[in-house]
Amino acid sequence: MPDLHMAVCMKVVPKPEEIRVDPETRTLLREGARSEINPPDMNALEMALSIKDEAGGRISLISMGPPFVEEYLRVGLAMGADDAYLLTDRAFAGADTLATTYTLAQCLHKIGDVEVVLLGEESSDGATGQVPPGLAEWMDYPLITLLRSLEIDKEQNVLRGRRNVDGGYEILEVPLPAVISVATAANEPRFMDFERKGWAFEDTQVTMWDAQDLSAESQFIGIPGSPTIVTGLEQAASQERKNIFLDGGASEIADQLVKILRSN
Amino acid sequence: MVASLFDPSEENKAIWVLLESAGVELTDVSFELLAKGRELADEVDWPLAGVLIGDRLEHLNSQVLSHQADEVLLLEHPLLEAFTVDAYTQALYAAIMERIPSVILFGATPNSRDIAGRLAVRLRTGLNADCIDLRMDKDRGVLISDVTGFGGGVVALLEMPDHRPQLATVRPGVFHSLEASAPRSDKVRRAKVELDQSVIRTRIIEQVKGEGVSIGQAPVLVCGGRGISGNFEMLTELAELLGGDVGATRPPVDEGYIERERQVGQTGVICHPEIAINCGISGAFHFVVGIQDAEIIISINSDPNAPIFEFSDYCVVGDVEQILPALIQSLKEERVVTHA
Ligand SMILES: Cc1cc2nc3c(=O)[nH]c(=O)nc-3n(C[C@H](O)[C@H](O)[C@H](O)COP(=O)(O)OP(=O)(O)OC[C@H]3O[C@@H](n4cnc5c(N)ncnc54)[C@H](O)[C@@H]3O)c2cc1C
Ligand SMILES: Cc1cc2nc3c(=O)[nH]c(=O)nc-3n(C[C@H](O)[C@H](O)[C@H](O)COP(=O)(O)OP(=O)(O)OC[C@H]3O[C@@H](n4cnc5c(N)ncnc54)[C@H](O)[C@@H]3O)c2cc1C
């Protein structure tokens, strides 16, 4: 049986607390905002790595984003992934989830033999959670979202996963190939492997693919491929708060709090 | 430009809301969708349909109609008895292609998000995620959605003028539901559902239903963060004294101290308490979006520079292990006095 080939889709996002909207131009001020790998995507990678630890297999990382994302993919390689693909082209910019999922699907078609596609539950910037189901649909693959654990049965060519919903849980099984999303904090992502670092950051290549490499049709990518139009942008209105600091020892504060609670 | 399977000139001017049920009742978010759907329908004077998917659902019709839908659209089939994203997407897709509605709203629940995400691609249309407000542009018949991003710090206005249907998801707790009242009609229609076992790729191996916990409408919400070190008993006692309920930030949920249904915020529940009391919470946007509607916010944190204080009316710099027991004590004494 050939090795199991898994792909982990990773998005690099600005740290949410560091983003502001320019009140004049109504554009995002990303300047100075540090970026990170979307935290749930680290959980997706960890899930793939633990499968690889147990049963072997190969892990490819896929990200659509600007060229600087390359460095972040190398972090994933140093953690234990085998290959990395960066889908980068000005023509991909402005993608909503329809265009994003098309582009990721074109990459999966080009790689060819991926059997398990793992994604995070949602990103910390757009946070739609629509990429996993959308990608499953372009590929016509079955889908399980919000997995907390995963088991792969190569003999029967299925995967089984547990998701927590509505205060209970369910265990679902789907045939391979399949798309899954991994619940945030489903596991504890490992650190980079010191011995892989040299290879990951210096020796190996991140494969860069543009629209042409992906044979992507221009009507499906970037702005033309995105039905959604952003017509406005603003800093979320936060209600004015009183910001009154209460003084005193614990029992005095408690008495003040009781008054506040009772007068409302 | 990518084209949707049908375009605005072909649409039926109608608004659909996809409803979910738990046992014999529609879920809270379904009532919220019906209320918002009604408002949008009235803005443009279009009919509102409540869509039910499953098997033998007629007992829910009266709830849909008394919550002011103009009609119920039933998608029933034995293969829809248990939820599978494959069968539900297929059934809804067929109904949409038959009736080409202009707007469809979904609850941002795990299952409806998956259906909506697949449908948007199948229909080549847009999907506005986790809307916090919605309205109709009457002249153009276009849905305008307010969505948040970056953990709630940014609001974007989205629309899809050239694609149909216009799809949007709404997080539970964002809109207020209406009381049941006299139905406007008794119209129930059935969509044709043709399904074959072969479309269903998911096999359900085990399913355990939990107790429904719902903190979205609690009048007083006592929230605990990493700073309470898992001591939710203390918070529960306080919440009970105040006639409220307990919520949490993500870390204690992830660490297993408390059920996920009690997570407040971006990926949890958006709550509408009159009073929110935050204990040992730093104040990440991801959390704050879940309580920012509260009339009064009280926060207790040992760090005087904790960002949560910016979002608070009353700020207590101190150790929760000291403040909360004192507060509980005072509330109990007060009870003794008032009951005496
Ligand atoms: C404030 C804001 C609001 C938005 N609202 C909408 C909206 O309502 N509708 C809409 O269609 N678009 C919306 N977008 C655009 C959307 O964020 C982008 O389409 C984005 O490329 C993917 O969506 P996401 O970030 O929501 O991903 P999600 O679906 O939340 O991400 C889930 C997982 O998909 C994978 N993934 C996501 N993006 C990539 C990528 N570029 N490369 C590799 N893997 C990836 C990751 O594993 C991630 O964990 C919004 C963007 C912003 C900033
Ligand atoms: C995609 C994504 C989605 C997310 N969704 C959510 C969400 O829905 N809800 C959510 O809550 N978070 C969410 N998060 C996480 C969020 O960003 C924050 O990490 C989280 O809210 C922090 O929780 P906290 O305030 O409890 O913990 P911390 O940030 O660790 O803060 C603990 C606070 O407790 C104080 N403290 C410590 N000891 C004491 C004491 N003895 N007495 C008083 N104070 C004390 C400290 O000063 C500190 O301010 C999300 C993150 C991501 C990436």
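The values are calculated or read from the model by the stated rules, or taken from the named source; none is laboratory data. Values in this document were obtained by computation on a predicted structure and should not be read as measured data. Glycine gets a Cβ as well: all are built from the backbone with ideal geometry, and neighbour counts include every protein chain shown. All accessible areas refer to the heavy atoms of the entire protein, side chains included, with ligands and DNA or RNA removed. Shrake-Rupley method; radii C 1.70, N 1.55, O 1.52, S 1.80 Å.
Remarks
- Evaluation of B:Phe311 against (1) open to solvent by less than 10 Å² (accessible area, probe 1.4 Å); (2) more than 22 Å from A:Gly167 (Cβ to Cβ) (one fails), failing number: (1)
- All positions within region B:53-85 that are closer than 30 Å to A:Trp138 by Cβ, over 20 Å from the mean Cα position of the chain (by Cα) and open to solvent by 20 Å² or more (accessible area, probe 1.4 Å): B:Asp55, B:Glu76, B:His77, B:Pro78, B:Leu79, B:Glu81, B:Ala82
- Whichever residue in region B:201-217 is within 10 Å of chain A (Cβ to nearest Cβ) and in a loop (DSSP other than H, G, I, E, B) and, among such residues, is nearest to B:Phe83 (Cα to Cα): B:Thr202
- Subset of region A:122-149 [more than 7 Å from every other protein chain (Cβ to nearest Cβ) and either small (Gly, Ala, Ser) or open to solvent by 30 Å² or more (accessible area, probe 1.4 Å) (or both)]: A:Ser123, A:Val131, A:Asp140, A:Tyr141, A:Arg148, A:Ser149
- Per-region count, region A:226-245, residues of a type in the set (A, V, I, L, M), assigned to a loop (DSSP other than H, G, I, E, B) and open to solvent by less than 70 Å² (accessible area, probe 1.4 Å): 1
- Wholly enclosed strands (runs of 3 or more DSSP E) of region A:110-225 bearing at least 2 residues farther than 22 Å from A:Ile37 by Cβ: A:143-153, A:158-165, A:168-175
- Test: residue in region B:86-97 that is outside any helix (DSSP H, G or I), open to solvent by less than 10 Å² (accessible area, probe 1.4 Å) and more than 14 Å from chain A (Cβ to nearest Cβ): no
- Residue check for A:Asp82: modelled with pLDDT under 95, open to solvent by 30 Å² or more (accessible area, probe 1.4 Å) and within 18 Å of A:Val114 (Cα to Cα): no
- Comparison of A:Asp140, A:Asp125 shows that the only residue that is within 14 Å of ligand 1 (Cβ to nearest atom) and either over 24 Å from B:Asp254 (Cβ atoms) or at pLDDT below 95 (or both) is A:Asp125.
- Residues (surrounded by 20 or more Cβ atoms within 10 Å (Cβ to Cβ) and more than 16 Å from ligand 1 (Cβ to nearest atom)) located in region A:150-165: A:Ile152, A:Leu159
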